[in-house]
Amino acid sequence: MNKIEHIGIAVKNIEAANKVYESLLGRTQYKTEKVESEGVTTSFFQLGESKIELLEATNEDSPIAKFIEKRGEGIHHIAFAVDDIEAEVKRLQQEGFIVLNETPKRGADNKWVVFLHPKSANGVLVELCQEIKDK
Ligand code: ZN
């Protein structure tokens with residue numbers, strides 16, 4: 001693992017949350033992106049070498065909608081940047097972590113992503129992400 005790539009925060013209303021985080025961080029978000037397959041709209045803020053990702057549900061079956069229903073708004077996941085996501089998945093499985101999707105899927109912000117079950121990491125949903133490079 002290289003660094004904390006981003007911290008994902010579940011929000012009810014992304015426009016309202018954008019304003020809050022613009023005030024908090026003293027900068028504007030650089031990207032809004034819908035990830036249809038995950039049922040989310042995302043908004044990204046760059047902060048040094050890491051990012052803040054705000055996530056709003058696009059439908060009520062979205063994992064973000066369910067998260068907010070259960071726990072309210074707040075930190076949803078921590079994402080770590082990796083160089084070789086497939087090798088990391090194998091390594092972590094050998095270490096006993098529960099991998100939610102063994103095959104990396106296309107996430108927001110041009111990334112391959114894999115999630116680990118929160119049960120594996122003391123209640124924290126962990127995302128691994130690797131930049132998608134065009135070949
Ligand atoms: Zn994320």
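Details
- From the list Gly96, Gly123, the lone residue that is touching a residue at least 12 places away in the same chain (Cβ under 8 Å), part of a loop (DSSP other than H, G, I, E, B) and away from the ligand (no atom under 16 Å from the Cβ) is Gly96.
- Which listed residue, of Glu69, Glu36, is in contact (Cβ under 8 Å) with a residue 12 or more places away in the chain and surrounded by fewer than 14 Cβ atoms within 10 Å (Cβ to Cβ): Glu36
- Residue ID - modelled with the lowest pLDDT, chosen from residues in region 1-33 that are hydrophobic (A, V, I, L, M, F, W, C) and exposed (fewer than 15 other Cβ atoms within 10 Å of the Cβ): Met1
- Odd one out for Trp112 among (1) open to solvent by 70 Å² or more (accessible area, probe 1.4 Å); (2) away from the ligand (no atom under 13 Å from the Cβ); (3) farther than 22 Å from Val11 by Cα: (2)
- Positions within region 2-55 being within 13 Å of the ligand (Cβ to nearest atom), among the hydroxyl-bearing types (Ser, Thr, Tyr) and in contact with a Ser or Thr (Cβ under 9 Å, 6 or more places away or on another chain), in sequence order: Thr41, Thr42, Ser43
- Residue selected from region 39-66 under the condition in contact with a Lys or Arg (Cβ under 9 Å, 6 or more places away or on another chain) and polar (S, T, N, Q), by the criterion most open to solvent (accessible area, probe 1.4 Å): Gln46
- So Val82, is it of a type in the set (Val, Ile, Thr), within 19 Å of Lys3 (Cα to Cα) and without any contact (Cβ under 8 Å) to a residue 60 or more places away in the chain: no
The values are calculated or read from the model by the stated rules, or taken from the named source; none is laboratory data. All values derive from a computational prediction rather than experimental measurement. Virtual Cβ from ideal backbone geometry, glycine too; neighbours counted across all protein chains shown. These accessible areas exclude ligands, DNA and RNA; they are computed on the full protein's heavy atoms, side chains included. Shrake-Rupley method; radii C 1.70, N 1.55, O 1.52, S 1.80 Å.
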